[in-house]
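Heads up: the structure comes next, in structure tokens.
The values are calculated or read from the model by the stated rules, or taken from the named source; none is laboratory data. What you are looking at is a predicted structure, and each value in this text was computed from that prediction instead of being measured. Positions of Cβ are generated from backbone atoms using ideal geometry, with glycine treated the same way; all protein chains shown enter the neighbour counts. Side chains are part of the model used for accessible areas, which takes the heavy atoms of the whole protein and leaves out ligands, DNA and RNA. Shrake-Rupley method; radii C 1.70, N 1.55, O 1.52, S 1.80 Å.
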Amino acid sequence: MPGLPELNLILLGPPGSGKGTQGERLQEDFRLPYYATGDILRAAVKEGSEVGKEAKEYMDRGDLVPDEVIIGVIAERVQREEAADGFILDGFPRTVPQAEALDTKMKELRREMTAAILIEVSEDEVVRRLSGRRTCEENPSHIYHVDFDPPQKEGVCDIDGAKLIVRDDDKPEVVKNRLATYREKTEPLIDYYEERGILNHVDGERPPDEVEEGIHGILATLRREEEEGM
Ligand SMILES: [Zn+2]
């Protein structure tokens, strides 16, 4: 389909690559809605939409929500006015079959993904970032890092004085497992988007501001190409 001036983006990168941070910044900078899969699933359940009800059945049973239900939730979002100029996906697709299913759905909606942005971070750096993370026991949005952002008093939250803990997700063994899953299931996605000619890389080991600048550069180029292609 000839280039619609849309930015339909997928953020890719290992756990700890800062996708969430960059997604939130992009949402502000480009006024595109940021769809972190977990968040939009929970929102759909809360709103009680048709797909939300379906998702809830699986979640209530403690089962994984199947791909087609997640895609239903994404499709419902993508068709909203807020996503008319594009959107940012984070957390889905995670596997090649999911990416294929997403492409099929997008085609049905007469749209297509514009770019996949891979935030590259080495495994050593991921382990260093995640295993040093400390989270407030009372409020999980209070996050510190033993090296990069230590609290004033070791093991204590600056904001409310609560104890700082290592989340299960950030324990070294779990981090290694998450990385192994990423390597096995998600890395093939890099080839998938490369073959489709929409993969873009950004060095995720630089400070967040510079990563953000790198992504801006990529998106500016894309927008220009789309405009020229019209
Ligand atoms: Zn706290």
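From the list K185, K153, K176, K163, the one residue that fits, being open to solvent by 70 Å² or more (accessible area, probe 1.4 Å) and touching a Lys or Arg at 6+ places or on another chain (Cβ under 9 Å), is K185. Filter the stretch 117-147 for residues that are within 16 Å of the ligand (Cβ to nearest atom), small (G, A, S) and more than 20 Å from the chain's Cα centre (by Cα) and give the result. Scanning the stretch 117-147 gives no hits.
Inclusion of E6 among residues that are in contact with a Ser or Thr (Cβ under 7 Å, 6 or more places away or on another chain), open to solvent by 10 Å² or more (accessible area, probe 1.4 Å) and either at pLDDT below 95 or over 26 Å from L118 (Cβ atoms) (or both) is warranted.
Do you know which of the residues in the stretch 107-145 that are more than 30 Å from E226 (Cβ to Cβ), of a type in the set (A, V, I, L, M) and open to solvent by less than 20 Å² (accessible area, probe 1.4 Å) is modelled with the lowest pLDDT? Before you say what the answer is, go through the steps one by one.
Residues of the stretch 107-145 that are more than 30 Å from E226 (Cβ to Cβ), as a first pass: 122-145.
Filter again for of a type in the set (A, V, I, L, M), leaving 126-127, 130, 143.
Subset that is open to solvent by less than 20 Å² (accessible area, probe 1.4 Å): 126, 130.
Details: V126: 93, L130: 90.
Per the criteria, the residue is L130.
What are the residues in the stretch 20-55 that are of a type outside the set (A, V, I, L, M, F, W, C), within 17 Å of H216 (Cα to Cα) and open to solvent by less than 40 Å² (accessible area, probe 1.4 Å), if any? Result: G20, Q22, G23, P33, Y34.
Kindly provide the set of residues from the stretch 71-87 that are in contact with a strand residue (DSSP E or B) (Cβ under 8 Å, 6 or more places away or on another chain), of a type outside the set (D, E) and open to solvent by 10 Å² or more (accessible area, probe 1.4 Å), ordered by number. Residue satisfying the conditions is R77 alone. Among residues of the stretch 34-48 that are more than 15 Å from V69 (Cβ to Cβ) and free of Cβ contacts under 8 Å to residues at least 24 places away in the same chain, none has a beta-carbon under 8 Å from a residue that is in a helix (DSSP H, G or I) and open to solvent by 40 Å² or more (accessible area, probe 1.4 Å) at least six positions away or on a different chain. For the stretch 188-219, which residues satisfy the criterion of being part of a helix (DSSP H, G or I) and open to solvent by 70 Å² or more (accessible area, probe 1.4 Å)? If the condition is that a residue be part of a helix (DSSP H, G or I) and open to solvent by 70 Å² or more (accessible area, probe 1.4 Å), then D191, E194, E195, D209, E210, E213 are the ones that fit. Exactly one residue among G204, G155, G214 is within 16 Å of the ligand (Cβ to nearest atom) and at pLDDT 95 or above, and that residue is G155. Please work out which residue is nearest to E210 (Cα to Cα), limiting yourself to the stretch 56-70 and to residues that are open to solvent by less than 30 Å² (accessible area, probe 1.4 Å) and in contact (Cβ under 8 Å) with a residue 24 or more places away in the chain. Only one residue tops the list, namely I70. Hey, among the residues in the stretch 179-201 that are within 17 Å of V121 (Cβ to Cβ) and in contact with a helix residue (DSSP H, G or I) (Cβ under 7 Å, 6 or more places away or on another chain), which one's farthest from the ligand (Cβ to nearest atom)? So the residue we want is L199.
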